[in-house]
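Worksheet: the structure to be examined is printed underneath.
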Amino acid sequence: MGVISGTAAADAAERLVVLTAYPEDVVSRYQAAFKKARPDIDLEIIWRMPRDALPYLRQSGQGGVDVYWSAAYANFLALKSEHAWRKLAADRAAVPERVGDAPIADPEGYFAATEMAGYGFGLNPEYLRRHSLPAPKTWEDLARPEFEGHLLFPIPSKVGFAPMLADVVLEACGWEKGWSLLSEIAANNELFAPGGPFMTDILTSEKKGIAVSMDFFFASAIANGAPLAFEYPDRVGYSPAHVAIAASTGKPEAAKAFVEFLLSQEGQKILFHPDIRKLPVRPDVYRSAPAGYFRPFEQPGNGFGYDAARNLARLPLVSTLFDAAIASRHEALKSLWALVRRAEAEAKRLGKVDMLEKAARARALAGSVPVSESEAEVLKSQFKPRSEQGDAQHRVDAAKSAWRESIERNAAEAERLAREVLAAAGQGGGA
């Protein structure tokens with residue numbers, strides 16, 4: 001919520017107001033570097049988290065803001081639709097609009113990507129070695145039985161980066177298979193929510209060996225000496241941050257200069273700092289990257305093409321469904337999936353078609369959600385991010401109540417089928 005401003009030649013310099021949510025240790029590095037490059041422009045930084053930035057920028061005169069710079073894709077899209085941005089005149093030739101098939105910037109040029117973060121697997125290599133575990137390579141690997149009890153997965157409704165993480169899994173694996181996978185991953189492992197040590201600390205202390213997360217949390221910890229590693233899956237989802245120039249700015253040339261600095265080689269290389277460790281959006285700066293730095297523009301998995309802008313609107317619905325089908329039933333899911341796996345093993349051992357079919361049906365029901373992908377497209381407009389829920393909370397509560405009956409009915413049928421398989425195999429139906 002504070003404001004800081006540069007002091008060198010402050011009286012003579014042109015004041016440029018930048019609204020951001022980046023922490024001070026990130027902003028101060030950019031501010032110092034930009035002041036060195038452009039001593040004629042004095043940055044004034046206003047901090048607002050994304051939920052507060054939107055109403056701030058909707059004020060008369062856009063609150064006096066000249067540039068908005070933040071990892072808040074939804075805000076950039078919403079304000080673009082309200083004609084809040086000037087079209088960027090900055091030279092963006094060196095900055096692709098896509099990473100492989102994944103769009104990261106506005107195709108009409110009203111805002112540009114400045115950096116990216118990728119989703120993947122934080123690891124403690126010593127923990128994995130001690131437990132004789134391989135590093136996961138794919139999203140599907142996370143549900144493998146050998147990882148049971150060794151993994152953390154964040155709850156989307158409680159961890160800011162997790163709604164898109166869950167949606168990346170759904171996009172990578174397909175809606176039905178994705179929900180089944182999320183259900184099975186959660187049933188095998190611990191769900192993470194704020195209120196205690198962060199994921200990096202939990203892995204450093206060797207209480208767990210794997211955490212599904214965003215890369216920069218782990219990359220920064222590793223750069224500062226933590227005995228951790230980070231692996232990207234075969235299909236990587238990226239979450240970009242952006243910059244835009246306010247339509248109401250009276251300083252378009254100074255604003256353009258700051259945008260160009262963020263996108264310049266000098267500005268992009270700041271992302272390599274051990275306390276930042278984000279992914280630059282300029283392919284050419286990776287020539288200066290530290291050894292082992294992930295290079296998103298060179299990855300074969302770029303064909304996956306997760307479209308964050310297209311899917312943003314359904315993230316609140318995904319979070320609500322995760323709560324209803326998974327987080328609120330975590331202990332029951334553990335028992336159900338253990339039963340389903342036993343049934344599958346017995347059906348496979350005996351090779352009987354009817355048992356295999358029942359086990360397959362039990363699996364499908366255990367990991368199902370009561371909303372199809374096409375229904376989600378219709379329903380998503382009824383759901384808002386937590387910060388915007390307001391009076392719409394009753395709709396969320398009503399949806400959860402309506403879904404609960406279907407979820408419990410499917411779970412009961414899955415349990416019945418699994419027990420029938422076990423009984424036919426002479427194993428009994430006990431858990």
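The values are calculated or read from the model by the stated rules, or taken from the named source; none is laboratory data. All values derive from a computational prediction rather than experimental measurement. Here the Cβ positions follow ideal geometry from the backbone for every residue, glycine too, while neighbour counts run over all protein chains shown.
So Ser374 fits all but one of (1) of a type in the set (S, T, N, Q); (2) at pLDDT 95 or above; (3) farther than 18 Å from Ser406 by Cα; what number is the exception?
The one condition Ser374 does not meet is (3).
Determine which single condition Pro39 fails, assuming it passes every other condition in (1) farther than 29 Å from Gly160 by Cα; (2) surrounded by 15 or more Cβ atoms within 10 Å (Cβ to Cβ).
That leaves (2) as the condition not met.
Quick one: which of Tyr110, Tyr119, Tyr127 is of a type in the set (Ser, Thr, Tyr) and touching a Lys or Arg at 6+ places or on another chain (Cβ under 7 Å)?
Working: Tyr119 fails: touching a Lys or Arg at 6+ places or on another chain (Cβ under 7 Å); Tyr127 fails: touching a Lys or Arg at 6+ places or on another chain (Cβ under 7 Å).
Going through Tyr110, Tyr119, Tyr127 in turn, just one is of a type in the set (Ser, Thr, Tyr) and touching a Lys or Arg at 6+ places or on another chain (Cβ under 7 Å): Tyr110.
Tell me, which strands (runs of 3 or more DSSP E) lie completely within region 188-281 with 3 or more residues that are touching a residue at least 24 places away in the same chain (Cβ under 8 Å) and outside the structural domain of Thr138 (by the TED database)? Break it down stepwise before answering.
Values: elements: 190-192, 210-214, 229-231, 238-246.
By residue number, 238-246.
Can we say Pro154 is closer than 25 Å to Gly225 by Cα and surrounded by fewer than 22 Cβ atoms within 10 Å (Cβ to Cβ)?
no
So that you can scan it fast, the table gives a plain yes or no per residue for (1) among the aromatic types (Phe, Trp, Tyr); (2) free of Cβ contacts under 8 Å to residues at least 40 places away in the same chain; (3) within 30 Å of Met49 (Cα to Cα):
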site: Arg86; (1), (2), (3): no, no, yes
site: Pro145; (1), (2), (3): no, no, no
site: His150; (1), (2), (3): no, no, no
site: Phe153; (1), (2), (3): yes, no, yes
site: Leu170; (1), (2), (3): no, no, yes
site: Ser183; (1), (2), (3): no, no, no
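Between Lys269, Lys256, Lys278, which is closer than 18 Å to Met214 by Cβ and basic (Lys, Arg)?
Numbers: Lys269 fails: closer than 18 Å to Met214 by Cβ; Lys256 fails: closer than 18 Å to Met214 by Cβ.
The match here is Lys278.
May I ask you to list the residues in region 313-359 that are closer than 16 Å to Trp179 by Cα and either surrounded by fewer than 16 Cβ atoms within 10 Å (Cβ to Cβ) or not hydrophobic (A, V, I, L, M, F, W, C) (or both)?
Selection gives Arg314, Pro316, Ser319, Thr320, Asp323, Ser328, Arg329, His330, Lys334.
Would you check which residues across region 222-237 are over 17 Å from Leu152 (Cα atoms) and either modelled with pLDDT of 95 or more or among the small types (Gly, Ala, Ser) (or both) and list them?
Within region 222-237, Ile222, Ala223, Gly225, Ala226, Pro227, Gly237 meet the criteria.
Looking at the structure I just gave you, is Ala364 more than 24 Å from the chain's Cα centre (by Cα), buried (at least 22 other Cβ atoms within 10 Å of the Cβ) and in a helix (DSSP H, G or I)? Break it down stepwise before answering.
Numbers: more than 24 Å from the chain's Cα centre (by Cα): yes; buried (at least 22 other Cβ atoms within 10 Å of the Cβ): no; in a helix (DSSP H, G or I): yes.
When the stated conditions are applied, Ala364 does not pass them.
Whether any residue in region 122-130 is surrounded by 20 or more Cβ atoms within 10 Å (Cβ to Cβ) and closer than 21 Å to Leu271 by Cα is what I want to check. Don't jump to the end; show me each part of the working.
Going through region 122-130, the residues surrounded by 20 or more Cβ atoms within 10 Å (Cβ to Cβ) turn out to be 122-124, 127.
Now drop any that are not closer than 21 Å to Leu271 by Cα, which leaves 122.
Scanning region 122-130, I find at least one residue that is surrounded by 20 or more Cβ atoms within 10 Å (Cβ to Cβ) and closer than 21 Å to Leu271 by Cα, so the answer is yes.
Pick out the one residue from Glu115, Glu82, Glu44, Glu97 that is of a type in the set (D, E, K, R), out of contact with any strand residue (DSSP E or B) (no Cβ under 6 Å at 6 or more places or on another chain) and either closer than 27 Å to Pro296 by Cβ or touching a residue at least 40 places away in the same chain (Cβ under 8 Å) (or both).
Of the residues listed, the single one that is of a type in the set (D, E, K, R), out of contact with any strand residue (DSSP E or B) (no Cβ under 6 Å at 6 or more places or on another chain) and either closer than 27 Å to Pro296 by Cβ or touching a residue at least 40 places away in the same chain (Cβ under 8 Å) (or both) is Glu97.
How many residues does region 291-334 hold that are assigned to a loop (DSSP other than H, G, I, E, B) and either within 15 Å of the chain's Cα centre (by Cα) or touching a residue at least 40 places away in the same chain (Cβ under 8 Å) (or both)?
Residues in region 291-334 being assigned to a loop (DSSP other than H, G, I, E, B) and either within 15 Å of the chain's Cα centre (by Cα) or touching a residue at least 40 places away in the same chain (Cβ under 8 Å) (or both): 6 in total.
(1) surrounded by fewer than 23 Cβ atoms within 10 Å (Cβ to Cβ); (2) over 18 Å from Ala327 (Cα atoms): which one isn't true of Leu181, the others all being true?
(2)
Can you say whether Leu79 is crowded, with 21+ Cβ neighbours inside 10 Å, assigned to a helix (DSSP H, G or I) and more than 16 Å from the chain's Cα centre (by Cα), as far as the supplied structure shows?
Yes.
Using the structure shown, decide if Ala102 is closer than 30 Å to Glu44 by Cα and not assigned by the TED database to the domain that holds Met164.
no
Gly250 versus (1) modelled with pLDDT of 95 or more; (2) within 29 Å of Leu54 (Cα to Cα); (3) buried (at least 16 other Cβ atoms within 10 Å of the Cβ): which is the lone unmet condition?
(3)
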